[in-house]
Amino acid sequence: MLDSVQSSVEPTTSVLTPPATTKPGGNHTKPCAPPAGLLAIPDALLRKAHVLFLLSITDNTLARRIKAGDFPAPDMVCGVSPLWRVQTVMTWLAGGTALDLARQHKALKQQIAEATTTQERAELLRQHRHLLAQIRRIRCSKNTPAIA
């Protein structure tokens, strides 16, 4: 009797375990919203996906910013997962970053007004568009709701 029951039951490992898939460009961290109320706790830890969501950037951009010193390094590493304290990220968002970008924007506008050649002006306008995109990303990330 037991043999007939075992033969009629098919293995369900394919149902329980999703098939292994790899992305063509490699594995990247997908941004996700931090849990509701987490941003109100200064010592809470944010995963990389949460930081990417708050900053509206990709993981490659985050790595470049950390390497360049434009964003603070993780406060802690658990295994291979970098973790930031909420206070660190929020201080960075509210701190000098927005002021530095505003100063750069003002100086760039003045340089555009003083540009003498068309080629120089075109290059400055390209830099201006790039700077405005950075400012927009930071403004959007500041206005991001804390609830998922």
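The values are calculated or read from the model by the stated rules, or taken from the named source; none is laboratory data. Fair warning: this is a prediction, and the values are worked out from it, not measured in the lab. So basically every Cβ, Gly included, is an ideal-geometry build from the backbone, and we count neighbours across all protein chains shown.
Points worth noting:
- The residue pairs whose first member lies in the range 66-94 and is under 17 Å from Arg137 (Cβ atoms), whose second member is of a type in the set (Lys, Arg) and surrounded by fewer than 19 Cβ atoms within 10 Å (Cβ to Cβ), and whose beta carbons are closer than 7 Å, counting only pairs six or more residues apart or on different chains, are Phe71/Arg65; Leu93/Lys142.
- Within the range 80-111, the only residue that satisfies the criterion of being within 20 Å of Cys32 (Cα to Cα) and small (Gly, Ala, Ser) is Ser81.
- Matching residues, the range 69-96, being touching a Lys or Arg at 6+ places or on another chain (Cβ under 7 Å) and modelled with pLDDT of 90 or more: Asp75, Ser81, Pro82, Leu83
- Breaking point among (1) surrounded by 14 or more Cβ atoms within 10 Å (Cβ to Cβ); (2) modelled with pLDDT of 85 or more, for Ser56: (2)
- Looking only at the range 59-90, and only at residues there that are hydrophobic (A, V, I, L, M, F, W, C) and assigned to a helix (DSSP H, G or I), the one that is surrounded by the fewest Cβ atoms within 10 Å (Cβ to Cβ): Ala68
- Scanning the range 103-121 for residues that are surrounded by 12 or more Cβ atoms within 10 Å (Cβ to Cβ) and either acidic (Asp, Glu) or assigned to a helix (DSSP H, G or I) (or both) turns up Gln104, His105, Leu108, Lys109, Gln111, Ile112, Glu120, Arg121.
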